[in-house]
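The values are calculated or read from the model by the stated rules, or taken from the named source; none is laboratory data. Computed from a prediction, not measured in an experiment: that's the story for all the values here. Cβ placement follows ideal geometry from the backbone for every residue including glycine, while neighbour counts extend to all protein chains displayed. We work out accessible area using only protein heavy atoms, side chains counted, and drop any ligands, DNA or RNA first. Shrake-Rupley method; radii C 1.70, N 1.55, O 1.52, S 1.80 Å.
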Amino acid sequence: MEKIYVKIKRRNNPNADSYWEDFQVPKKPGMNVVSALMEIRKNPVNARGIATTPVVWEAACLEEVCGSCTMVINGKVGQACSALIDRLDQPITLEPMKKFPVVRDLVVDRSKIFDALKRVKAWIPIDGAHGMGGTHSVGGPNNPVPGPRVTETERIISHDLACCIACGACLEACPQVNDKSPFIGAAAINQVRLFNRHPIGRLHRDSRLEALMGEGGIDDCGNAQNCVRACPKEIPLTESIAEVGREVTKYAVGKLLGR
Amino acid sequence: MKKPKIIVVGGGLAGLMAVIKVAEAGWPVQLFSVVPVRRSGSVLAQGGINAALDAKREGDSPEVHFQETITAGDFLANQELPRQMCFKAPEIISLFDRMGVMFNRTPEGWINFRRVGGTHSMGGAKYCRTAYAGHTTGQQLLYALDEQVRRFEAEGLVEKFEGWEFLSIIKDDRMAGRDVCRGIVAMHLATQEVKAFPASAVIVSTGGLGLVFGRSTNSVLSNGSAASAVYQQGAWYANGEFIQVHPTTIPGEDKYRMISEAARDEGGRLWVYRDGKPWYFLEEWHQGNQVPGNLVCRSIHKVIHELGLGIDGGSMVYLDISHLPEEILQRRLKGVVETCEKFTAENPRKVPIKVAPAAHYSMGGLWVDDDHMTSIPGVLAAGECDYQYHGADRLGGNALLSCVYGGMKAGITAVHHAAGLEKGEADPAIFSEGVKRQWGINQEIIDRSGNENPHKLHQELGEWMTEHATVVRYNDKLKKTDEKIQELKLKMKKISLTDRGNWANRELVFARQLHNMLELTRVIVLGALLRDESRGAHYKPEFPERDDRNFLKTTKASWTPNGPKIEYEDVNLKYIKPEWKKSTSK
Ligand SMILES: Cc1cc2nc3c(=O)[nH]c(=O)nc-3n(C[C@H](O)[C@H](O)[C@H](O)COP(=O)(O)OP(=O)(O)OC[C@H]3O[C@@H](n4cnc5c(N)ncnc54)[C@H](O)[C@@H]3O)c2cc1C
Ligand code: SF4
Ligand code: FES
């Protein structure tokens, strides 16, 4: 039976050293990296025939919409669920992302992605999750107050920005994101663009722009443009950074002039 | 005075909506999830969410939506909650609109609604009732709620415990002979710390159970483990045998990827080779491809298993969209084309898609009353893990809606329950005992020695469940499946973990989940075995008709050491009396 050769960079816990372990996995048609990892879990024996612990990794949706399975595959960051074996050179190397603390093997702690969303207030502040306009009662009229009107053109732009799966690939690929720099990264800046375009979100634009000023803010972007190439959802991240950058500059100048 | 906490387990659409309702009432919430909630299973939904706003003046109304929900469920759904849900739906859509969800728009800039055929038991949908955001509706709805919850988190009302696995509830039976829930025990997935969290109400919203079928269209987190744990602690589990199967999915080694029924709605055709020539079996048997999902499943099953005409003698058939104009593929079937290109490396414009039916949605779940309380006071359930809204089958676009509505309702009830609970009664010992018990289970599993691997056992379970407990069910096969499950339970005692460590040991967690899955599959299989009729998604060729006299009843399972005890309960038929219709078998 044809075999797949996989080399995995492992680490037992955050304090342990990392090491490489090689595996050979029976190949089946249409396989992706996740199914190779599933095979290893069923039979945790390395390429030298020695029993080992199952490799630890994360996955959930398996359709590239949850971001869980992001790792570095053959040197490039991507999703293990959409990485087809036939499209990869062997031996296939799998490594955890480097810009996030390793938990174990291929699992990393990505809480900073979600902290950034908090920092930039990536939400529409609504009055409450109650209905407005119509009535709550069974059998009553049926005319709740809708949200703002949006053109299809605008909707398409915003929808595409809203498809970010918080995978962290853009941070992994960015030279400005590293141990020494607190740069917030493209994903959060893109969220600012999304919410600042929204007719209601726009009313709270300033607080989001404020959050992108100063340390780790948008000024730290070095314009390497790696983010946009790494993004699995093809989000126009460099456009987002440019648009938000202009807004921040305008806001900062306005603030300076006391406007 | 500090208000006691309310715990929500699971942060999909249902859990997040519950969190919002509790936080808005001013109560502190702790939200538990195995993954950051933004990665929950709800992201997978593509099709859309229903609401009878009658935006195109076709004569639709919440009343009609309600009637179709009940008929689609073959009259098995209790009628109170589905009715409330359908009437609340328009408001729910505008709520998401206010939260910023980018629904598709009409040329005038209002939300657009489309017709979704899907599982409609009466054939093609009559009304434009489904709101959608490109092909990422579930993702967009989930994000909207995730963002609102993050706002409460920033305000300090919500505390998240992401990366924690729920293990059990903590029951207090020292009060007047009546159980009441006092909190949960959970385990951290990295440190493996097992800890008790006191609460005055617990909402379980842990999603579906696709993983018990080995592979399904669901997220791999949808394993039913949490619901099963609560069932084993005494909560009733209802209508477990009702599993919706999606007719057209791409079988992968890791999962079955759904190909939306829109593919058939837009003109996709199913075929296999017969005598060397393409044979469009749905067109011959049912005059077309736009027929209800169940019928498609049964027809495919017949082609494959009775006629042996699956592709290369295997268990797939062709779904062909290669003849459709590029404009339709780009505008209406973008998600389908993307799924094929990304996950099969084949171009559906050129070659037909190879598909097979796969487990998709569980209509059954934890039994809850009309306020979403389970049979254990203080434990609530909402979302795919409750059983209330669909009956024997589900209308496409109603699941997301039921999760959101159920979450609202459960949040409100949890607050009422917590407010009414006498305080200061819980004996601290119940918390330490709860932790000790769960910790003991971990140790016991690590100490097992034998030569079974839990992942291999799971694969075997999945193969049996998929073959005998999905599209077509026979009593002898169901009996054998139940015996198999019991055999697997015995083999579980002989597993030997290849990882015995105490840091991020996923094998240990999986062994625990598999134990719970095995308990739950018995509920599904025995429920199906005892229900000698065909209704909705449950189809027995030996009993092809619906039998209202004997089975217009909710199945209620309670856990016993000797297996599930099954009872029946009358269905609430307050608004619509069942009409008899010729069953749709083939
Ligand atoms: C491919 C696909 C397409 C679909 N399309 C549609 C559609 O178009 N329209 C529609 O109406 N419905 C659709 N559905 C159904 C719908 O998406 C689901 O029923 C719904 O999203 C379930 O939401 P939920 O909140 O119940 O659970 P989920 O979103 O699955 O969330 C479950 C949560 O529970 C947590 N959890 C689970 N176990 C534990 C544990 N032990 N401890 C701690 N946390 C735990 C998870 O981390 C997660 O946060 C589709 C489903 C699939 C699979
Ligand atoms: S912007 Fe793209 S690369 Fe960055 S986190 Fe979002 S989906 Fe991933
Ligand atoms: S598992 Fe969700 S993106 Fe890969």
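Could you tell me whether A:Gly185 is surrounded by fewer than 23 Cβ atoms within 10 Å (Cβ to Cβ) and of a type in the set (Gly, Ala, Ser)? When the stated conditions are applied, A:Gly185 does not pass them. If B:Lys577 meets every condition in (1) exposed (fewer than 14 other Cβ atoms within 10 Å of the Cβ); (2) touching a residue at least 24 places away in the same chain (Cβ under 8 Å) apart from one, which number is that one? Status for B:Lys577: all satisfied but (2). From the list A:Val6, A:Val55, exactly one residue is more than 13 Å from every other protein chain (Cβ to nearest Cβ), under 26 Å from the mean Cα position of the chain (by Cα) and at pLDDT 95 or above. Which is it? Step by step, each of A:Val6, A:Val55 is checked, and only A:Val6 is more than 13 Å from every other protein chain (Cβ to nearest Cβ), under 26 Å from the mean Cα position of the chain (by Cα) and at pLDDT 95 or above. If I ask for residues that are out of contact with any His (no Cβ under 6 Å at 6 or more places or on another chain) and part of a loop (DSSP other than H, G, I, E, B), which ones from region B:80-108 would you list? If the condition is that a residue be out of contact with any His (no Cβ under 6 Å at 6 or more places or on another chain) and part of a loop (DSSP other than H, G, I, E, B), then B:Val101, B:Phe103, B:Asn104, B:Thr106, B:Pro107, B:Glu108 are the ones that fit.
Per the conditions (1) within 13 Å of chain A (Cβ to nearest Cβ); (2) at pLDDT below 95; (3) open to solvent by less than 20 Å² (accessible area, probe 1.4 Å), the sole criterion not satisfied by B:Met99 is (2). Here A:Lys118 fulfils each of the conditions (1) under 30 Å from A:Gly216 (Cβ atoms); (2) open to solvent by less than 60 Å² (accessible area, probe 1.4 Å) apart from (2).
Results for (1) in contact with a Gly (Cβ under 9 Å, 6 or more places away or on another chain); (2) within 16 Å of ligand 2 (Cβ to nearest atom); (3) in a loop (DSSP other than H, G, I, E, B), shown as yes or no for each residue.
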{"site": "B:Lys3", "(1), (2), (3)": "yes, no, yes"}
{"site": "B:Val22", "(1), (2), (3)": "yes, no, no"}
{"site": "B:Gly26", "(1), (2), (3)": "no, no, yes"}
{"site": "B:Gln30", "(1), (2), (3)": "no, no, no"}
{"site": "B:Gln46", "(1), (2), (3)": "yes, no, yes"}
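Yes or no, residue by residue, for (1) in contact (Cβ under 8 Å) with a residue 24 or more places away in the chain; (2) over 17 Å from the mean Cα position of the chain (by Cα); (3) within 16 Å of ligand 1 (Cβ to nearest atom):
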| site | (1), (2), (3) |
| --- | --- |
| B:Val8 | yes, yes, yes |
| B:Lys21 | yes, yes, yes |
| B:Val37 | yes, no, yes |
| B:Ser61 | no, yes, no |
| B:His65 | yes, yes, yes |
| B:Glu68 | yes, yes, yes |
| B:Gly73 | yes, no, yes |
| B:Pro82 | yes, no, yes |
| B:Ala89 | yes, yes, yes |
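Close contacts from region A:226-244, counting a first residue that is within 14 Å of chain B (Cβ to nearest Cβ) and in contact (Cβ under 8 Å) with a residue 24 or more places away in the chain and a second that is in a helix (DSSP H, G or I) and within 16 Å of ligand 3 (Cβ to nearest atom), with Cβ to Cβ under 8 Å and a gap of 6+ residues or different chains, come to A:Pro232/A:Ala169.
Could you list, in sequence order, all residues of region A:28-68 that are within 20 Å of B:Ala504 (Cβ to Cβ), small (Gly, Ala, Ser) and in a loop (DSSP other than H, G, I, E, B)? Once the filter is applied, which keeps residues that are within 20 Å of B:Ala504 (Cβ to Cβ), small (Gly, Ala, Ser) and in a loop (DSSP other than H, G, I, E, B), region A:28-68 yields A:Ala59, A:Ala60, A:Gly67, A:Ser68.
Screening the candidates B:Ala55, B:Ala77 for the property of being outside any helix (DSSP H, G or I) and surrounded by 23 or more Cβ atoms within 10 Å (Cβ to Cβ) yields one hit, B:Ala77.
Note on region A:206-225: residues that are out of contact with any helix residue (DSSP H, G or I) (no Cβ under 7 Å at 6 or more places or on another chain) and free of Cβ contacts under 8 Å to residues at least 40 places away in the same chain total 6. Of the residues making up region B:62-69, none is in contact with a strand residue (DSSP E or B) (Cβ under 8 Å, 6 or more places away or on another chain), assigned to a loop (DSSP other than H, G, I, E, B) and more than 7 Å from chain A (Cβ to nearest Cβ).
For B:Met17, the requirement of being over 17 Å from the mean Cα position of the chain (by Cα) and touching a residue at least 60 places away in the same chain (Cβ under 8 Å) is not met. Scanning for something away from ligand 3 (no atom under 16 Å from the Cβ), modelled with pLDDT of 95 or more and closer than 30 Å to B:Met258 by Cβ, does region B:165-186 turn up at least one residue? Among the residues of region B:165-186, at least one is away from ligand 3 (no atom under 16 Å from the Cβ), modelled with pLDDT of 95 or more and closer than 30 Å to B:Met258 by Cβ, which makes the answer yes.
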